[in-house]
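Visitor: First, the structure itself, so that you have it in front of you.
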Amino acid sequence: MLEQPIALITGASRGIGEAIAVHLANHGYGVAVNYVHSREAAEEIVKQIRDSGGQAVAIGGDVGVTADRAAMMAQTMDSFGRIDLLVNNAGITSPGRKDLLEATEENWDLVLGTNLKGAFFLAQLAAREMISLIEAGSIERGTIVNVSSISAYAVSTNRVDYCIAKAGMQTMTWLLASRLAEEKIRVYEICPGVIASDMTAPVKEKYDRLIEEGLSPIKRWGQPEDVAKAVAAVASDAFAFSTGDRINIDGGFHIRRL
Ligand code: NAP
């Protein structure tokens, strides 16, 4: 078994997940880099980490699919023999960004299935694995980090499914935190604001304007690395007497202002 802590990061082939994987690898974690479509990108990230002396594997799988989640967890254990940190980062926006009156059940099932159901049941699998490892004395504790969004409370009527999935993540985080504290597993919600990635690229001009007009007190785009640093922080010993917290990485967007 490797001595270093191991993290499984979902949706780590691009954007925020990639930054989390690279940052954790640079800070001593072995990382499982999950992707669903971008195999080459995930393998390139793995190569870069290995070239810099780190440990990484690329693991394909759709977080919305039961068998894929089980395979992802099994592959992580086969590769590293342990898991200390799960980062539920994979997520999709609402396909077509349809108005609430045109929202479809098909999109609802896809978005909720990926962003919320997938995250919960992967957390369940990871928690079971962590509990076994802790009982065996192989690891001391575990951490689960759920990446939600300001869309958990700031509604967009053209992304009903996305907003509801992200809102559900807060309660999911509280539930997991409440149950898993006695198992020595801490659980956090990271709540990013507007972050530069493929997800926000189609609406870049709109957000450029809103940020310039003062959307958040800190007037700049968030970068994937801003989120990555927060994930590493909550997974560290710095937050030992906390669990269930929402950490806003949003330039202060959440502050109501007059
Ligand atoms: P992104 O650039 O669109 O990347 C999405 C990542 O998720 C990709 O690695 C993608 O893999 C993966 N993914 C998508 N569906 C998946 C599935 N079913 N199974 C496994 N992996 C899947 O998105 P991002 O901006 O980095 O967002 C990452 C997370 O942060 C999401 O949960 C998002 O909701 C949240 N967030 C983003 C922002 C923002 O402003 N960007 C703000 C708040 C919250 P492939 O490359 O293989 O397709």
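Visitor: Going through region 126-153 one residue at a time, which ones are open to solvent by 30 Å² or more (accessible area, probe 1.4 Å) and within 14 Å of the ligand (Cβ to nearest atom)?
Guide: Result: Tyr153, single match.
Visitor: Here's something else I'd like to know. Would you confirm whether or not region 85-108 contains a residue that is of a type in the set (Phe, Trp, Tyr) and either surrounded by fewer than 21 Cβ atoms within 10 Å (Cβ to Cβ) or within 10 Å of the ligand (Cβ to nearest atom) (or both)?
Guide: So far as region 85-108 goes, yes, one or more of its residues are of a type in the set (Phe, Trp, Tyr) and either surrounded by fewer than 21 Cβ atoms within 10 Å (Cβ to Cβ) or within 10 Å of the ligand (Cβ to nearest atom) (or both).
Visitor: Of all the residues that make up region 167-184, how many are among the aliphatic types (A, V, I, L, M) and over 25 Å from Glu18 (Cβ atoms)?
Guide: 5
Visitor: For region 163-191, name all the residues that are within 13 Å of the ligand (Cβ to nearest atom) and surrounded by 24 or more Cβ atoms within 10 Å (Cβ to Cβ).
Guide: Selection gives Ala165, Lys166, Met169, Glu189, Ile190, Cys191.
Visitor: Something else about it: Going through region 1-28 one residue at a time, which ones are surrounded by fewer than 24 Cβ atoms within 10 Å (Cβ to Cβ), without any contact (Cβ under 8 Å) to a residue 60 or more places away in the chain and touching a strand residue (DSSP E or B) at 6+ places or on another chain (Cβ under 9 Å)?
Guide: Gln4
Visitor: Right, here's the next one. Does Ser151 fit the bill of being closer than 30 Å to Arg256 by Cβ and part of a helix (DSSP H, G or I)?
Guide: Spelling it out, Ser151 is indeed closer than 30 Å to Arg256 by Cβ and part of a helix (DSSP H, G or I).
Visitor: Which of the residues spanning region 48-79 are within 17 Å of Gly15 (Cα to Cα) and over 20 Å from the mean Cα position of the chain (by Cα)?
Guide: Of everything in region 48-79, just one residue is within 17 Å of Gly15 (Cα to Cα) and over 20 Å from the mean Cα position of the chain (by Cα), namely Gln48.
Visitor: Pick from region 192-240 the residues that are near the ligand (Cβ under 9 Å from one of its atoms), within 13 Å of Ala19 (Cβ to Cβ) and of a type in the set (Gly, Ala, Ser): which of them is surrounded by the most Cβ atoms within 10 Å (Cβ to Cβ)?
Guide: The extreme case among them is Gly222.
Visitor: Could you please give the count of residues in region 241-255 that are open to solvent by 40 Å² or more (accessible area, probe 1.4 Å) and either free of Cβ contacts under 8 Å to residues at least 40 places away in the same chain or assigned to a helix (DSSP H, G or I) (or both)?
Guide: Adding up the residues that qualify gives 2.
The values are calculated or read from the model by the stated rules, or taken from the named source; none is laboratory data. Here the structure is a predicted model, which is why all the values come from computation and not from measurement. Counting neighbours? That spans all protein chains shown, and the Cβs are built from the backbone with ideal geometry, glycine included. Heads up: the accessible areas ignore ligands, DNA and RNA and are worked out on the full protein's heavy atoms, side chains in. Shrake-Rupley method; radii C 1.70, N 1.55, O 1.52, S 1.80 Å.
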